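Scroll down for the structure; my scribbles are underneath it.
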Amino acid sequence: MSGYALMAGRLLLRGMLAGIIAAALAFVFARIFGEPQVNLAIAFESALDAASGEPPEPELVSRGVQSSLGLLTAAVMYGAAYGGLFSLVFSLAYGRIGRFSPRMLSMLLAGAGFLAVVLVPDLKYPANPPAVGQPETIGLRTTAYFEMIVFSLCALTLAVLSGRVLAVRLGNWGATLCGGAVFVVLVALLQWALPDINEVPDNFPAVVLWRFREAAIGMQLVLWGSLGLVFGMMAERVLWHERGAARRYG
């Protein structure tokens, strides 16, 4: 196995571990700030069903399991997957997009990931609690949301590539501004092209909706911020070890 492949494998394992740690922290945040809003939304939905005479739907999984073990399991799987992908992107980017330290590059990639995967899609299709959304539009909403993620990542890639091309003529600062402008224009076009979906009931509590969306963004911010910070420390140790081994045996 080549040295690069071995290093990438070590980074992959540490990326998954960092993702699990970040997911555990995000779980704690969600339990404290998100679950109370979910409970209020469920109570609102139950009140509507009772007022219309509809019997309550049977719970296949209890609410207690959903908000504890179920949420933790989903968060850990999500974090491990994103941590693995994050480490692969880091391995490709390290030494190729600038002379950044491992910690700085990790935080920059985490910020870019949060921007493209979370913030931009949520500006168009923000997270909704229970009782918001119609069952017949689940397919449309899911497709539109994932399209927004893919297009946002493509827009970010084009912005970075254009910035690198323009850096020779405009310098790093000017190229960064131009790359940012490219990203903003492309995102604005995407926001305009994709359909709007507004299914919030008129009588749904605005405070609950707002705080739920705050908690959803906050959970992602904790996840990506922790991932960038923890993985950066782990990656620095791996790369420091590799450099030391190269000096001894190279």
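Which of the DSSP-defined H helices in the chain satisfy a minimum axial length of 27 Å, computed from C-alpha atoms, and a minimum mean Kyte-Doolittle hydropathy of -0.5?
Qualifying helices, which must be both long enough and hydrophobic enough, are 3-29, 71-93, 138-193, 206-249.
What whole-number value in Å² describes the accessible area per residue of the chain for a 1.4 Å probe?
Result: 60 Å² of accessible area for each residue.
By average Cβ neighbour count within 10 Å, what is the ranking of 203-214, 134-145 from highest down?
Result, highest mean Cβ count within 10 Å first: 203-214, 134-145.
Run the paramagnetic zone check for residue 47: 7 angstrom along Cα to Cβ, then residues of segment 167-207 with backbone nitrogen under 19 Å.
Of the residues in segment 167-207, 200-207 have backbone N under 19 Å from the label point off residue 47.
From the mean inverse distance of alpha carbon pairs (Kirkwood) and the Cα radius of gyration, derive Rg over Rh for segment 136-207.
Rg divided by Rh gives 1.20.
Starting from 0 in steps of 5 Å, tell me what percent of the Cα-Cα pairs of the chain lands in each bin.
1, 6, 11, 13, 15, 15, 13, 9, 7, 4, 3, 2, 1, 0, 0, 0
How much length, in nm to one decimal, is gained on full extension between residue 157 and residue 85, taken as 0.36 nm per residue of separation minus their Cα-Cα distance?
Difference between extended and current length: 24.3 nm.
Kindly provide the pair-distance distribution of segment 105-250 built from C-alpha pairs, with 10 Å bins from 0 and whole-percent values in order of increasing distance.
So the P(r) values, bin by bin, are 10, 28, 30, 20, 9, 3, 1, 0.
What is the local net charge at residue 145, summed over the other residues whose Cβ is closer than 10 Å to its Cβ (Lys, Arg +1; Asp, Glu -1)?
Net charge around residue 145: 0.
The values are calculated or read from the model by the stated rules, or taken from the named source; none is laboratory data. None of these values were measured; they are calculated from a predicted model. Cβ coordinates were reconstructed from backbone atoms using ideal geometry, including for glycine residues, and neighbour counts include every protein chain displayed. SASA here: full protein model, heavy atoms, side chains in, ligands and nucleic acids out. Shrake-Rupley method; radii C 1.70, N 1.55, O 1.52, S 1.80 Å.
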